[in-house]
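To start, the structure itself, in structure tokens.
The values are calculated or read from the model by the stated rules, or taken from the named source; none is laboratory data. If you're wondering where the values come from, they're calculated on a predicted model, not measured in any experiment. No Cβ is skipped: glycine too gets one built from the backbone with ideal geometry, and neighbour counts run over all protein chains shown.
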Amino acid sequence: MTDEQDTYDDQDENPLQGYFDWQVTTLLLAYDLTDPIPGDDPQAGEQRRAKVEQEVREFTLAVVPEMYLNDPNLDWPPEVMMTITRATFDRVNQITG
């Protein structure tokens with residue numbers, strides 16, 4: 001989600017990676033509710049995932065205070081994570097109407 005991800009040699013070590021994965025999966029499910037992709041079209045699924053990953057990065061970066069974006073050594077407090085969670089659910093509501 002941030003440059004902080006770049007400081008980890010292995011993305012599995014990044015504590016924010018699991019949260020990012022949750023956001024992506026949540027939005028993918030919302031899109032699947034409103035516009036399912038046929039199971040026999042793996043390329044469409046890959047394209048949707050790439051689009052959703054970019055969408056999650058954009059709306060997450062838009063709500064994270066700059067001090068956390070500018071200093072990858074800062075731990076993200078619960079308030080920041082709650083703001084990101086709200087933004088994720090707001091986007092799900094927009095998608096599913």
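When you scan the range 31-38, do you find a residue that is surrounded by 12 or more Cβ atoms within 10 Å (Cβ to Cβ), of a type in the set (D, E, K, R) and at pLDDT 95 or above, even just one?
The answer is yes, given that some residue of the range 31-38 is surrounded by 12 or more Cβ atoms within 10 Å (Cβ to Cβ), of a type in the set (D, E, K, R) and at pLDDT 95 or above.
Listed here are the residues, each with its yes/no results for (1) of a type in the set (Asp, Glu); (2) in contact with a helix residue (DSSP H, G or I) (Cβ under 9 Å, 6 or more places away or on another chain); (3) in contact (Cβ under 8 Å) with a residue 40 or more places away in the chain.
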site: Arg48; (1), (2), (3): no, yes, no
site: Val52; (1), (2), (3): no, yes, no
site: Met67; (1), (2), (3): no, no, no
site: Trp76; (1), (2), (3): no, yes, yes
site: Glu79; (1), (2), (3): yes, no, no
site: Ala87; (1), (2), (3): no, yes, no
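Can you pull out the residues in the range 62-85 that are surrounded by 13 or more Cβ atoms within 10 Å (Cβ to Cβ) and either part of a helix (DSSP H, G or I) or among the hydrophobic types (A, V, I, L, M, F, W, C) (or both)?
Applying the first criterion (surrounded by 13 or more Cβ atoms within 10 Å (Cβ to Cβ)) to the range 62-85 yields 63-65, 68-69, 72, 74, 76, 80-81, 83-85.
Answer for the range 62-85, where residues must be surrounded by 13 or more Cβ atoms within 10 Å (Cβ to Cβ) and either part of a helix (DSSP H, G or I) or among the hydrophobic types (A, V, I, L, M, F, W, C) (or both): Val63, Val64, Tyr68, Leu69, Leu74, Trp76, Val80, Met81, Thr83, Ile84, Thr85.
Checking the condition surrounded by 13 or more Cβ atoms within 10 Å (Cβ to Cβ), in a helix (DSSP H, G or I) and either among the hydroxyl-bearing types (Ser, Thr, Tyr) or modelled with pLDDT of 90 or more (or both), which residue from Glu46, Glu58, Glu4, Glu53 passes? Break it down stepwise before answering.
On the way: Glu46 fails: surrounded by 13 or more Cβ atoms within 10 Å (Cβ to Cβ); Glu58 fails: surrounded by 13 or more Cβ atoms within 10 Å (Cβ to Cβ); Glu4 fails: either among the hydroxyl-bearing types (Ser, Thr, Tyr) or modelled with pLDDT of 90 or more (or both).
When all the criteria are applied, what remains is Glu53.
What's the number of the only condition in (1) out of contact with any Ser or Thr (no Cβ under 9 Å at 6 or more places or on another chain); (2) at pLDDT 95 or above that Gln23 fails to meet?
Exception for Gln23: condition (1).
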